[in-house]
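Let me begin by presenting the structure, written as structure tokens, before commenting on it.
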Amino acid sequence: MEYGYYPGCSLTGSAHKLDKGIKKVFAKQGHTLKEIPDWNCCGAFEYGDRKELAGFSKKNLEKARGHFSEIVAPCPACYKNLREADEKREFAVTHPLDLFDEAFFAAMKQGKDLKGQVFTPYYGCILLRPKETAIRNNTVMEETIARFGGDVAGESIKDRCCGGNQIFINKSVTEKLSRLILDKSRGTVVVFCPLCHMAMKTFSGERKVVYYTDLLLYIMGENSAL
Amino acid sequence: MPKTDRAIELTDYERQDFSVCLGCKICASVCTVNDLDLSTNPQEMLQKLFLGKDVAADDPLVRFCTGCYRCTGACPWEIRIPDVVRALRQVHATESPFEKAFKGSVAIWGRVYEPYVLMRAAPFLLKGGYIKHMMRWMEYMGIHLPHKVKRT
Ligand code: SF4
Ligand code: SF4
Ligand code: SF4
Ligand code: SF4
């Protein structure tokens, strides 16, 4: 299947690993991701004017019109902004986490398992809130880890806020909030949001922080992914 | 027009909409800012807006709200408090140098070009002690040229 793809700014920059990971995982399953032509920044959370903010994503939807009916946006901020801008539900704006369902795993070629390894799946905020734009399956990461024999930890902090949004504004806020989460996590921290990755990574010391796509690639047989 | 009214205009709300607030303070009980040894109560902020009173730029909620939507998720009316906070930040013009650089990049290229943002925010990053994290951030680095988005 061909999906419209909205990488957003971070995946073309600091979150290039997530971008490559997503593309690889989809390619292995026989799906193609085709970028929305000439997409622009979605504005993240930086604009206080709701109409101005929605305007960015409306422009992106215009650019997708006629090319795609389903749009995949991995960055939680981009995903939320696109979905909110699609007021008439003209498109299926989908987060990749909602595509890793039973059919996906049934078709997946497994190369490795996660036996003996501990993981803390960390969703953060925007994938789970507000309700209207939340992903459908809010236990997809736990299910994946358990399915392949890994141990799941840190249930109590999966939806807490890491303060990633404040990392370049009030760093001490991010430090405090990220440490609260890290203290209650065990093993490898698995995230999806690029900003969560940065917040966790900055304060995690020796602890490993990976994208969910790294986990998938490892299970698919890529040794170096974890 | 008072600043609070201008802020409300930037949101999807009208002032009367806040009259539904029950004063239950569930938002305060889950607010992330309260994990920071600060005491804050979003309900009080909404009440001020409803009454047309000013909310100061240095109010802890305005400064430190992380936009986590925990309040919205727990509120019986799902009031989008962080949207209100962002509007207040805009009318108070208290954006950080990083946020200014972000918007600057979007204005030039239509996208966030991270090297530009880092350059423009460099004095702030130097002063703020960010350099010590650079080693941990190496995996985020990558050189690509800016791509200018056509204005359509
Ligand atoms: S999240 Fe951020 S930086 Fe990224 S595309 Fe959306 S707005 Fe631009
Ligand atoms: S960075 Fe962390 S706290 Fe922020 S939106 Fe991503 S999930 Fe939430
Ligand atoms: S979005 Fe802001 S006000 Fe709401 S719970 Fe989070 S930090 Fe508190
Ligand atoms: S949770 Fe909602 S209704 Fe209750 S005090 Fe907060 S804003 Fe008002």
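The values are calculated or read from the model by the stated rules, or taken from the named source; none is laboratory data. Owing to the predicted nature of the structure, the values given are computational and were not obtained by experimental measurement. Please note: Cβ atoms are built from the backbone with ideal geometry, for glycine as well, and neighbour counts cover all protein chains shown.
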Only one of A:Gly13, A:Gly48, A:Gly66 is within 23 Å of B:Lys150 (Cα to Cα) and in contact with a helix residue (DSSP H, G or I) (Cβ under 8 Å, 6 or more places away or on another chain); which?
A:Gly13
Mind checking which residues of the range A:172-203 are more than 16 Å from ligand 3 (Cβ to nearest atom), crowded, with 18+ Cβ neighbours inside 10 Å and either free of Cβ contacts under 8 Å to residues at least 40 places away in the same chain or assigned to a helix (DSSP H, G or I) (or both)?
A:Leu182, A:Pro194, A:His197, A:Met198, A:Met200, A:Lys201, A:Thr202, A:Phe203
Take the residues in the range B:95-133 that are of a type in the set (Ser, Thr, Tyr) and either within 16 Å of ligand 2 (Cβ to nearest atom) or at the interface with chain A (Cβ under 10 Å from one of its Cβ atoms) (or both); name whichever of them is surrounded by the most Cβ atoms within 10 Å (Cβ to Cβ).
B:Tyr113
Quick check on my filter: what residues within the range A:64-101 are among the basic types (Lys, Arg) and within 11 Å of A:Leu127 (Cα to Cα)?
A:Lys80
Given B:Leu46, B:Leu38, B:Leu22, which one is farther than 22 Å from A:Gly163 by Cα and at pLDDT below 95?
B:Leu22
Candidates B:Val62, B:Val85, B:Val55, filtered to the one that is within 16 Å of ligand 2 (Cβ to nearest atom) and in the same structural domain as B:Asp35 (by TED's automatic domain parsing):
B:Val85
Sort through A:Arg179, A:Arg136, A:Arg160 and tell me the only one that's basic (Lys, Arg), farther than 21 Å from A:Thr94 by Cβ and more than 9 Å from ligand 2 (Cβ to nearest atom).
A:Arg179
What residue, among those in the range B:49-71 that are assigned to a helix (DSSP H, G or I) and free of Cβ contacts under 8 Å to residues at least 40 places away in the same chain, is farthest from ligand 4 (Cβ to nearest atom)?
B:Arg63
Exactly one condition in (1) over 30 Å from B:Pro42 (Cα atoms); (2) touching a residue at least 24 places away in the same chain (Cβ under 8 Å) is false for B:Arg136; which is it?
(2)
Consider B:Arg6 carefully, then state whether it is more than 16 Å from ligand 2 (Cβ to nearest atom), among the basic types (Lys, Arg) and in contact with a Ser or Thr (Cβ under 9 Å, 6 or more places away or on another chain).
no
Being over 15 Å from B:Leu88 (Cβ atoms) and loosely packed, with under 15 Cβ neighbours inside 10 Å is the filter here, so list the residues in the range B:2-21 that pass it.
B:Glu14, B:Gln16, B:Ser19, B:Val20
All positions within the range A:85-141 that are out of contact with any strand residue (DSSP E or B) (no Cβ under 9 Å at 6 or more places or on another chain) and among the small types (Gly, Ala, Ser):
A:Ala103, A:Ala106, A:Ala107, A:Gly111, A:Ala134
